[in-house]
Structures are given as C-alpha cells and as structure tokens.
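What follows is calculated from the coordinates using simple rules that are stated; it is not laboratory data. Owing to the predicted nature of the structure, the values given are computational and were not obtained by experimental measurement. Don't worry about glycine lacking a Cβ; one is built from the backbone with ideal geometry, like all the others, and counts go over all protein chains shown.
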Amino acid sequence: MVNERIRHFTYYIKRMFKFYDLKAAYVPQILFVMLLLVTFGLRLVAQPILVNMSIYQQQWAIPYLEGLTSATVKDPAAMNGLMLQIITSDEFHLFLTEFMRVSGVLLLQQVLLLVLLFFYLGAYLTDLETKAPSAPQYLTKFVKAFPRFLGFNTIYYILMGILLMIFSFILSFIMMILPIASGLLPVAWFLAQVIFIFKDVTLLDTRVGILKNFRLSWKLTAGNRIMIGINTFFLESLAMMLFLLPIITILQESSRITLTLFVVSFIEVIALLVRQRLIALMYLDRTRIIREEEPHED
C-alpha cells in the first residue's frame, strides 16, 4: 500500500546526514565546492558594498534623528519637509544605490543556490531509485525538469514576495499595538516552506505542469504538515540564521570577517544539502509503495 504518513525525522536521520554521499563518483565533491564558492564567494563580493551602505545610512539617518524634535513631530508640514530633505539628499541616494547593489548580489546567490540544490535533489532522488546511477543520468533528470523548475519558481517567489509585502504592511499596524507581532513574519515564511516543501521534487519525479504543481505540492503535504514542520524546524531556523549572521558580522566590522564568513558558509552548505536529502526521503515515504521486506539503506 501507499504510505500516507510522513515519519519523525529520527527515522530519516542516518541517511539525511550523509550529505557527502552520492553514488556517481566525484559529483558530491564538485557540488559541495560549487555551493561553497557561491555562498562564500558572493558574500565576499557583498562585504564592501554592505559596509558602504551602512556608512551612507548613518550619514542620512543622523540628521533625520536630530530633526525629530517634539515640535517637528507635532507639525505635519515640518515632518514632510524633513522627509523631503532626507530623500533628496546625496547620502540617501548613495544608500539606495548600495542597497540595490547588495540586493542584486544576494539575489544572484540565492538563485544559484536554488539551481545547484535542485540538481543535488535530482541526483539523490536518482540514487534512491537506481542501483548504479551515473553523472549523465543526474544531468538528464535535471535538464528535463529545469524549464518547469525555472518557470514555477519564478511565479512562486513573485507571489510569495507580494504576499509577504501585504502581510508586512498589515503587520506594521498590528505592531503599533502589539510589538511582539514582529515575530509573525518569519513564522509566515516557515509555514509557506512547510506547505510547499515538495514543490521542486515533484517537478523532478513527475511531468506535472507549472500551474498544476501548486495544487500537487499543496496536496502532498496535506495531513502531514505538523510532522513536516517538526522535521524541518531546526534546519529552516538554522538556514535563516546563517543567512542573516554574515550580514550582521559584516556590519559590525569584525576583525575576523573572512574567517567567520567561510565557517558560516561551510555550515550553511551542509545544512542545505541535509535539507534536500530530508525532502527526498519524506517525499518517497509519502508517495511510494511500502515494501517492508526491502532493507533500508545503511
């Protein structure tokens, strides 16, 4: 029969932590190096831009804070004049320029990571279903699914961005009454990750179309979302922390920035690969026929 229940992460833990293990020779090593180059290399590129952005931010923020007197706050005309003075200043324009540059670098980083991790997910899925797979088989599975992967994720992240902006706008009003509500934004992101956790693996495993994949990935997590949330909570939280930590470290101008960025990037790559393996294992547990007589992978 088909197993409709996803099990606790302890059932998968031995296999999911073998992030270095793919059956085709040299593929995991090459992938790991490429992922590390993307995470660490592009953070090095972003480092001086972030520093400049912080400097320009201080240059326009300090006059703004100095202008916020009790009289100014009570006078709408004075507040509008102060805001106009700030947004027309050279410092604010320089800040926006650096902000757009660093956003572009970080966006490129995340896109490259998504593509490389998609390849790894397909390779591991092939490993789980093929006794002696080869690197060309990994590539074939990736190439066949890539156009749909590109189309689906473009639509998905645009929609997610719009929904998060709307949610953030609503949240800004709630926070005036309840400041603790700021924690709802990462919670919303985590819930979206749980609900659509199978959005990429379905493209590799089936011929589902771009739009139908929303319904399929939603349906596959139905009834198992609490367990998926339990299984992925640590990895998702770690991924979020490892994304933000280098930015904070750079802005604090630590004396060991390069070493910190490398260590964080190294750990992040491992966490991302472990997450992909967990997704593949949960997906097969959700969709495949149980054969108890077949031994589990060591």
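In sequence order, the stretch 223-240 has phi-based couplings of x, 10, 5, 5, 5, 4, x, 5, 5, 9, 4, 5, 5, 5, 5, 5, 4, 5 Hz under the Karplus curve 6.51 cos²θ - 1.76 cosθ + 1.60, θ = phi - 60°, and Gly or Pro positions carry x. A viscosity of 1.567 mPa s and a temperature of 4 °C, combined with the Kirkwood radius over Cα pairs in Stokes-Einstein, give a translational diffusion coefficient for the stretch 51-191 of 66 µm²/s. Note: the chain, Cα convex hull, 161 Å³ per residue. Which one, 153, 241, 130, is farthest towards the positive end of the dipole of the chain when Lys and Arg carry +1 and Asp and Glu -1 on their Cβ? After comparing all options, I get 130. For the chain, find the longest principal axis of its Cα atoms and tell me its angle to the long axis of helix 257-287, 0 to 90°, nearest 10. Once rounded, one gets 40 degrees.
Anisotropy class assigned to the stretch 6-66 is oblate, per the alpha carbon gyration tensor with a/c at or over the 1.5 cut-off and a/b no larger than b/c. What the pair-distance distribution of the stretch 175-292 shows, using all Cα-Cα distances binned every 5 Å from zero, is 2, 9, 16, 17, 16, 14, 11, 8, 5, 2, 1, 0 percent. Taken about its Cα centre, the stretch 98-223 carries a charge dipole of roughly 400 debye when the Cβ of each Lys and Arg holds +1 and the Cβ of each Asp and Glu holds -1. Fully extending the segment from residue 140 to residue 103, taken as 0.36 nm per residue of separation minus the present Cα-Cα distance, adds 10.1 nm.
Take the Kirkwood radius over Cα pairs of the stretch 126-214, plug it into Stokes-Einstein at 4 °C and 1.567 mPa s, and you get 83 µm²/s for translational diffusion. Using the Cβ-Cβ distance between residue 244 and residue 166 with R0 set to 22 Å, the FRET efficiency works out to roughly 0.45.
Projecting the Cα atoms of 85, 59, 27 onto the charge dipole of the chain (Cβ charges, centred on the Cα centre) puts 27 farthest toward the positive pole. With an 8 Å cut-off on Cα pairs and a minimum separation of 6 or more residues, tell me the relative contact order of the chain in percent. Answer for the chain is 37 percent.
Of all segments of the chain bounded by trypsin sites (Lys or Arg not before Pro) found in a DSSP loop with no more than 16 other C-beta atoms within 10 Å, the longest spans 19-130.
Strictly over 25 Å apart at the Cα level, which of 18/199; 23/141; 23/219; 141/199; 23/144; 18/141 would you flag in this model? Exceeds cut-off: 23/219.
Computed from point charges on the beta carbon alone (+1 for Lys and Arg, -1 for Asp and Glu), the dipole magnitude for the chain about its Cα centre is near 1020 Debye.
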